[in-house]
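The next block holds one structure in the form of structure tokens; read it before the comments.
Please treat every number below as a calculation from the coordinates, not as lab data. All values reported here derive from a predicted model rather than from experimental measurement. Every residue, glycine as well, gets a Cβ built from its backbone with ideal geometry; the counts of neighbours run over all protein chains shown.
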Amino acid sequence: MDEKNRAAMIEALARSAGLGDAFMTLYGDAKFNPETGTIYCNGHVISKEMVENSRNYCEGMARHYWESDDQDSRNMALIFETAAEAIKFMQNQTTNKDGKS
């Protein structure tokens, strides 16, 4: 059985057992539901509120590190800025009528 068929079988069994998207991300890619703002990754359900808190934290840390003049702090600022922008990009996803991005 190839990997694609195996993953499809695991997904079908999990769904028939009533397990949702959070379980499925243990065996597949992380998913973001733009309608609810929820992230499913590594078997965790990350709420819209936690996603927003994460973005705010990253933005705050970026501002903090930008206040320093040393290169290591500037690099940290860029890391946090990148994370905040990635979260914003994900939050701004729109879905079409089929629910696909």
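Table for the structure above
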item: Cys58, Cys41 arranged by Cβ crowding within 10 Å, fewest neighbours leading; result: Cys41, Cys58
item: Packing rank of 64-70, 85-91, where each peptide gets the mean count of other beta carbons within 10 Å, highest leading; result: 85-91, 64-70
item: Prolate/oblate/rounded call for region 49-93, Cα gyration tensor, a/c under 1.5 rounded; result: prolate
item: Projected label distance in nm at Glu67 and Thr82, using a 7 Å step from Cα toward the beta-carbon; result: 2.4 nm
item: Point-to-point label distance, Ala12-Asn75, nm (Cα→Cβ direction, 7 Å offset); result: 4.9 nm
item: Point-to-point label distance, Ser47-Lys31, nm (Cα→Cβ direction, 7 Å offset); result: 2.1 nm
item: Cα-centre dipole for region 49-93 with unit charges at Cβ (Lys and Arg positive, Asp and Glu negative), debye to 20; result: 160 debye
item: Residue (of Ile79, Tyr65, Met90) at the positive-pole extreme of region 49-93, dipole from beta-carbon charges; result: Met90
